[in-house]
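J.: Before I ask anything, here is the structure I am working with.
The values are calculated or read from the model by the stated rules, or taken from the named source; none is laboratory data. What you see is a predicted model, and the numbers here were worked out from it, not measured in a lab. Glycine also receives a Cβ, built like all others from the backbone with ideal geometry; neighbour counts cover every protein chain displayed.
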Amino acid sequence: MKYLPIIKYVLLIVSAILIVVGAVTFVDGEENAAFDTMLVWSFVMIVLTIALIIIMPLFAVLQNPKSAVRSLIGLGAIIVVFLVSYALSTDTPIPLASGKVIDDPFSLKFSDTALWATYITFAGVILSILYGELYKVIKK
């Protein structure tokens, strides 16, 4: 419970940043400004998330060394999800309706990897919910 105020403040800061970024891209009026800004913002958020995913289990290991195995299994699963996502992603150029083509390989590979990681994680969540419910039914 002691982390709840910290989480609230972090979410407020992220919300404020999103509002400012949205306002700046709206006022700027450039055609690709919103896309570029949101792509950079998603990159920052994913890097921050990955950093926290790596750092937080280390704190848990220091506080309770016996839980190290479970933390390392979770960390390994996340690494596998991102490796599989990267392997499934492509950097195929995307033609837009305006006739322009998005052909930056890094942006394409990064966004595709993030999408695949989201799909795989969502599928894992759905499967774990179904498994938990079926386990409860069978156990009764």
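J.: Considering only region 116-127, I want to know if a residue exists there that is without any contact (Cβ under 8 Å) to a residue 40 or more places away in the chain, part of a loop (DSSP other than H, G, I, E, B) and under 21 Å from Val40 (Cα atoms).
T.: No: zero hits.
J.: Report yes if Phe82 is within 17 Å of the chain's Cα centre (by Cα) and touching a residue at least 40 places away in the same chain (Cβ under 8 Å), otherwise no.
T.: So Phe82 fails the test.
J.: Mind telling me which of the residues Ile7, Ile78, Ile13 ends up being surrounded by 11 or more Cβ atoms within 10 Å (Cβ to Cβ) and of a type outside the set (Ser, Thr, Tyr)?
T.: Matching residue, one of Ile7, Ile78, Ile13: Ile78.
J.: When both residues are 6+ apart or on different chains and their Cβ atoms are under 6 Å apart, which pairs have a first residue that lies in region 38-55 and is in contact (Cβ under 8 Å) with a residue 24 or more places away in the chain and within 16 Å of Thr118 (Cα to Cα), and a second that is of a type in the set (Val, Ile, Thr) and assigned to a helix (DSSP H, G or I)?
T.: Listed by first residue and then by second, the contacts come to Ile53/Ile78.
J.: Being outside any helix (DSSP H, G or I) and under 20 Å from Val44 (Cβ atoms), is that true of even one residue in region 67-89?
T.: yes
J.: Any residue in region 1-21 that's free of Cβ contacts under 8 Å to residues at least 24 places away in the same chain: show its pairings with residues that are among the hydroxyl-bearing types (Ser, Thr, Tyr) at Cβ separation under 9 Å, as long as the two are six or more apart or on different chains.
T.: Listed by first residue and then by second, the contacts come to Val21/Thr37.
J.: Among the aliphatic types (A, V, I, L, M), surrounded by fewer than 13 Cβ atoms within 10 Å (Cβ to Cβ) and modelled with pLDDT under 75: does that describe Val27?
T.: So Val27 fits the description; yes.
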